[in-house]
Amino acid sequence: MLKVTINDQELQFPEGITILEAAGRAGVKIPTLCHLDLHDIKMVNQTASCRVCMVELVDSTSNRNKLVPSCVTKITDGMAVRTDTLRAITARRMAVELLLSNHPNECFTCPKNTNCELQSLAAELGVREIRWEGERMNYPKDMSSDAIVKDSNKCIYCRRCETMCNEVQTCGILSGIGRGFNSFVGPAFNIPMVESSCTYCGQCVQVCPTAALTEVNHIDKVWEALNDPNKHVVVQTAPAIRVALGELFGMEPGTIVTGKMVTALKRMGFDAVFDTDFGADLTIMEEASELIYRIQNNKTLPMLTSCCPAWIKFIEHQFPELLEVPSTCKSPHIMFGTIAKTYYAEKNKIDPDNIVVVSVMPCIAKKAEAKRPELTKDNHNNVDIVVTTRELGLMIKEAGIKFEDLPESQFDRPLGETTGASVIFGTTGGVVEAAIRTAYEWITGKELENVEFHQLRGSDGLRKATVQIGDRELKIGIASGLGNARTLLEEIREGKSQYDVIEIMACPGGCIAGGGQPYHHGNFEIVKKRQEAIYREDRSKRYRKSHENAEILKLYEEYLGNPFGKTAHRLLHTHYEE
Ligand code: HC1
Ligand code: SF4
């Protein structure tokens, strides 16, 4: 152990840690900006570029203390540190002032207003004036994609997005371009985002401290639809929304707000409030059937889940030779949109052209997915508008609804009937667990007594498990985060994969940690609380297997025929190709 003094406290720490970490353990907060340590997903951004975490190293022999960045300076035996001297505080303030001297003055209208880490830091450090004025960056905004906006004028060069994109997601899209004042972060050769191999996973957006990377805002499109008397506007909410939306209204992470969310959507004027979980139950009917078909007919295995659009883009760009391995199922919200514009439209005698389907998703990639040509029939979208959890939170505020005080209400029927199996889609491992609950009963013909497969759960980005189904041992791989997906895909490419079925979610942790969720600001405990809430919601459900959903069974009986049959194929399946 090393002896270290921090602000006169004599302490002991193990070798190898930084001053920042030691101070944190001693309950002393040193402000940081570029630094980000998400050890749960093995992401450490330690660029020391912002110089906000400066502290003084006390040199009692020479009386000439040294200023050092605490995030990259390791402790040594006998070290004395002061975090609270005028010199350290002034250095931090100056670092923020310098950043602000080249930052647009548009906090009021900025998409990150009240959520910006630079803004909060300026307030926390008492920055009251910016003493320097000079040339400012003036880059055009990249609004080329349907999902992400890149505004390099707001980039503070912290490199968090680069670390996330290159080291965790292994996509290699973002890197520093140029030198000195003319440097910024973008795709190679500064091509527009839409022309890059970006998956739109949105993990760079989730960790960007400012508004250099944000989602494309579709709020006004929803208000326009709601105000058009000729439109029948239905909304569906993804499994992960209900365990995170409350955070935007000051509630504890992991608070389940399903009933309040439904009330808010009804008050906002949607004609029907449905649940993407219905689409998830439908996905399981199709995906479990497809798995059984592939196993019994010696077709391509492993079968990979296909509900995550960022992961689908990843395989298209990085492993195009493996496009036969994902399931052909459309994702749940797209399946839902298809059913809304066919079955629901016919049943309610509404012209599908007058139905607007709005998806509320924890995901940014879903915005681009909804526009994919494979998923738009005769130029009609299955889903018309996608907004994120954050955008829904803003809309509720814009509508003047006091979310915290709302009573609870139920989703509308028939497309709001759901099971516990569909809720767990929202967390890593959930899709494959839901599929196994159904496949087990269909293959063995026996009732599954314990529906919880704990061997499939957890937060490690790469997991494997086996499940005994009759006389077959099903080998299952689970990856969350695209770097982990890459590991499993490389095994398949090399013919070394041991798995029968693999679930992949692009976001580390699954949809609960999606790019469109409330910002976790580097606190992954928030994501864990959302995951616990997902499993609580599953346990609270009367039915916990997708094939027990009475409205789904009715849909097959009245409209689709058999699962994985002809009509189901036409409406609910697709093939992706880039
Ligand atoms: Fe997801 Fe899905 S679970 S992809 O992880 O299959 O976004 O929440 O909506 O479509 O159901 C996201 C979440 C979501 C789809 C479902
Ligand atoms: Fe990289 Fe994902 Fe951001 Fe695209 S959205 S730049 S793939 S982290």
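This model, with +1 at the C-beta of Lys and Arg and -1 at the C-beta of Asp and Glu, gives the range 302-434 a dipole about its Cα centre of some 140 debye. Placing unit charges on the Cβ atoms of the charged side chains and taking the dipole of the range 493-578 about its Cα centre, the candidate lying farthest along the positive direction among Tyr559, Cys511, Val501 is Cys511. Remark: the chain is approximated by an ellipsoid whose semi-axes, taken from the C-alpha gyration tensor as √(5λ), come to 44, 27, 22 Å, largest first. All other residues whose Cβ lies under 12 angstrom from that of Cys208 are scored, Lys and Arg at +1 and Asp and Glu at -1, for a net of +1. Classify the range 214-291 as rounded, prolate or oblate from the Cα gyration tensor: take a ≥ b ≥ c as the square roots of its eigenvalues, call it rounded if a/c is under 1.5, otherwise prolate when a/b beats b/c and oblate if not. Oblate. With θ taken as phi - 60° and the Karplus curve 6.51 cos²θ - 1.76 cosθ + 1.60 applied, the whole-hertz 3J(HN,Hα) list for the range 4-9 is 9, 10, 10, 6, 6, 7 Hz, x standing for glycine and proline. Note on Lys371, Lys260, Lys66: ascending count of other Cβ atoms within 10 Å places them as Lys66, Lys371, Lys260, the fewest first.
This model, with +1 at the C-beta of Lys and Arg and -1 at the C-beta of Asp and Glu, gives the chain a dipole about its Cα centre of some 920 debye.
Taking every DSSP beta bridge that has both ends in the range 373-512, the antiparallel portion is near 65%.
Taking other C-beta atoms within 10 Å as the exposure proxy, Met79, Met361, Met43 rank Met79, Met43, Met361 from fewest upward. Each of Val28, Ser60, Leu99 was placed along the dipole of the range 1-157 (beta-carbon charges, centred on the mean Cα), and the one lying farthest toward the positive end is Ser60.
Divide the volume of the convex hull around the Cα atoms of the range 492-578 by the residue count and you get 211 Å³ per residue.
Remark: His575, His317, His547, His380 ranked as His575, His380, His317, His547, counting other beta-carbon atoms within 10 Å and listing the fewest first. When a/c reaches 1.5 or more, the comparison of a/b and b/c decides; with that in mind, is the range 402-525 rounded, prolate or oblate per its Cα gyration tensor? Oblate is the answer for the range 402-525, as a/c is 1.5 or above yet b/c matches or exceeds a/b. Taking a sphere under 15 Å around the Cβ of Gly176 and counting the other residues whose Cβ falls inside, with K and R at +1 and D and E at -1, yields a net charge of +2. Placing +1 on the Cβ of every Lys and Arg and -1 on the Cβ of every Asp and Glu, with no other charges, gives the range 1-114 a dipole of roughly 200 debye about its Cα centre.
In the chain, the DSSP beta bridges split such that about 55 percent are antiparallel, to the nearest 5.
Positive-end ranking of Ser327, Leu572, Gly522 along the dipole of the chain, with charges on Cβ about the Cα centre, is headed by Gly522. In the chain, helices alone account for a calculated mean residue ellipticity at 222 nm of -8500 deg cm²/dmol, with every DSSP H run of four or more residues adding -39,500 (n - 2.57).
Within the range 43-192, the percentage of alpha carbon pairs spaced more than 24 angstrom apart rounds to 44%.
Anything in the chain that counts as a DSSP H helix reaching 24 Å or more along its axis (C-alpha) with Kyte-Doolittle mean of at least -0.5? List them, would you? Counting only whole DSSP H runs, the qualifying helices are 276-296. Local charge for Glu433 was computed over the other residues whose Cβ lies under 11 Å away, with Lys and Arg +1 and Asp and Glu -1, and equals +1.
The ellipsoid that matches the Cα gyration tensor of the range 300-380 has semi-axes, each √(5λ) in whole angstrom, of 27, 14, 11, with the longest given first. For a straight C-alpha distance cut-off of 16 angstrom, the lysines reachable from Lys260 (same-chain residues fewer than eight places away being disregarded) are Lys397, Lys402.
Where a number appears in this text, it was derived from the coordinates with a stated rule and is not lab data. All figures in this text were calculated on a predicted structure; none of them were measured in a lab. In this analysis, Cβ positions are derived from the backbone assuming ideal geometry, glycine residues included, and neighbour counts consider all displayed protein chains.
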